[in-house]
Amino acid sequence: MCGIVGVIGNDNAAPRIIEGLRRLEYRGYDSAGLATLVNGGFDLRRAEGKLAQLEELVAARPVSGALGIGHTRWATHGVPSESNAHPHATERVAVVHNGIIENFQNLRDELSAEGHEFATDTDTEVVTHLIDFFLKQGLAPADATARALKRLEGAFALGIIFAGEHDVLIGARRGAALAVGHGEGEMFLASDAMALAPFTR
């Protein structure tokens, strides 16, 4: 019962991501994190424990950027920890994920053989590296994501952002909820529409 929030707009995304995640706390979770895009690269903050720990981290090390994704995680693959918390990122792509990737071990073995190095125990990191694999082949973000989705087995919802792409936020779902909201010059993703209530209907 993890939570996803994604924001693309004109204002600082981090406060709105945290507010959206707060409205998803009823789902239960053991870690939280967010990533924003700043000067073409990712600025990540992740914390084990409750959302308050993430808020303290962001207060101590503020995050800017008008595009971002956030997540509250309930551990399925890998123990609750800062390193296993979402988002997971390479230099090219950052991902948050709800659900289970049933064939993650086979994909992980394939990607490891291609030289990809994994830092977590999660199935989500496999999604991140799979999209990255197709990006390295020269595919555009949407095309790389589409190719990766065809390889995934299981039920999932995803929020995805890309290095250097300040106007791209991709959401994808199969058998899991993902709501889309829009406002004036801004768009939102969330695993429950209730998370978007303060921003849009």
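The values are calculated or read from the model by the stated rules, or taken from the named source; none is laboratory data. Source: prediction; values computed, not measured. As a convention, Cβ positions derive from the backbone with ideal geometry for all residues, glycine included, and neighbour counts pool all protein chains shown.
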Somewhere in the stretch 162-169, is a residue in contact with a Lys or Arg (Cβ under 7 Å, 6 or more places away or on another chain) and under 14 Å from VAL93 (Cβ atoms)? yes
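Yes or no, residue by residue, for (1) hydrophobic (A, V, I, L, M, F, W, C); (2) over 15 Å from the mean Cα position of the chain (by Cα); (3) farther than 25 Å from ARG46 by Cα:
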site: ASN106; (1), (2), (3): no, yes, yes
site: LEU111; (1), (2), (3): yes, yes, no
site: GLU114; (1), (2), (3): no, yes, yes
site: THR128; (1), (2), (3): no, no, no
site: GLY138; (1), (2), (3): no, yes, yes
For GLY154, indicate whether it is touching an Asp or Glu at 6+ places or on another chain (Cβ under 6 Å), at positive phi, surrounded by fewer than 16 Cβ atoms within 10 Å (Cβ to Cβ) and of a type outside the set (Val, Ile, Thr). yes
Here's a check for you: in the stretch 101-115, which residue that is touching a helix residue (DSSP H, G or I) at 6+ places or on another chain (Cβ under 7 Å) and either among the acidic types (Asp, Glu) or part of a helix (DSSP H, G or I) (or both) is nearest to ALA155 (Cα to Cα)? PHE104
From the set of residues in the stretch 62-102 that are surrounded by fewer than 24 Cβ atoms within 10 Å (Cβ to Cβ), under 19 Å from TYR26 (Cα atoms) and of a type outside the set (Val, Ile, Thr), which is modelled with the highest pLDDT? GLY99
Residues satisfying the stated conditions in the stretch 37-50, i.e. in a strand (DSSP E or B) and farther than 13 Å from ARG61 by Cα: LEU37, VAL38, GLY41, PHE42, GLU48
Give me the strands (runs of 3 or more DSSP E) completely within the stretch 116-201, filtered to those with at least 2 residues that are without any contact (Cβ under 8 Å) to a residue 40 or more places away in the chain and touching a helix residue (DSSP H, G or I) at 6+ places or on another chain (Cβ under 8 Å), ordered by residue number. 169-174, 179-183
